[in-house]
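First up is the structure itself, then whatever we jot down about it.
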Amino acid sequence: MNRNEYLGIYNLLVGFTLIFTWTFLFFTNNIPTLVERPIETVFHIFAELLTGFTLLVSGTLLIKRAKAAPAVTFLAFGMIIYATLQAIGITIEQKWHVFIILAVLINLMIYSAFAAVMILSNEKDNCK
């Protein structure tokens, strides 16, 4: 397996996890802010689902070694970085434990490492 396939699998896992988490929370009525701040919450969930979908597309394109893979992957990285920063803000606002912030930051560092691999790898190695 090459680095693109590893990154593709990681993107698929993160994308699926985002979509699954929000779907599960919605169907179990476990989104309290949906009642408190419905418009803000709906847009937040939409952005997270769109990020998950973009990660799924990116992962698929990376595994297939498609020419569009680098562009979609960088878009997905930008979206996940934004979602991560927004999650940090929500975590601080809710006064949750510092460990949640650390987990989010670890995720951000992992994505940064994968982005560095993508940037430093040869373009011919990324695409057909």
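Here, each number is a calculation from the coordinates, and none is a lab measurement. Keep in mind that this is a model prediction, so the values were computed, not measured. Reconstructed Cβ throughout: ideal geometry from the backbone, glycine too, with neighbour counts over all protein chains shown.
One residue is enough: does the stretch 7-18 have a residue meeting the conditions surrounded by 15 or more Cβ atoms within 10 Å (Cβ to Cβ), in contact (Cβ under 8 Å) with a residue 24 or more places away in the chain and small (Gly, Ala, Ser)?
Within the stretch 7-18, one or more residues are surrounded by 15 or more Cβ atoms within 10 Å (Cβ to Cβ), in contact (Cβ under 8 Å) with a residue 24 or more places away in the chain and small (Gly, Ala, Ser).
Looking only at the stretch 27-55, residues that are part of a helix (DSSP H, G or I) and either among the acidic types (Asp, Glu) or loosely packed, with under 13 Cβ neighbours inside 10 Å (or both) come to 9 in all.
Among the residues making up the stretch 65-80, those that are of a type outside the set (Val, Ile, Thr) and not in a loop (DSSP other than H, G, I, E, B) are Ala69, Pro70, Ala71, Phe74, Leu75, Ala76, Phe77, Gly78, Met79.
For Phe24, the stated conditions do not hold, so it cannot be described as under 18 Å from the mean Cα position of the chain (by Cα), among the aromatic types (Phe, Trp, Tyr) and under 15 Å from Met79 (Cα atoms).
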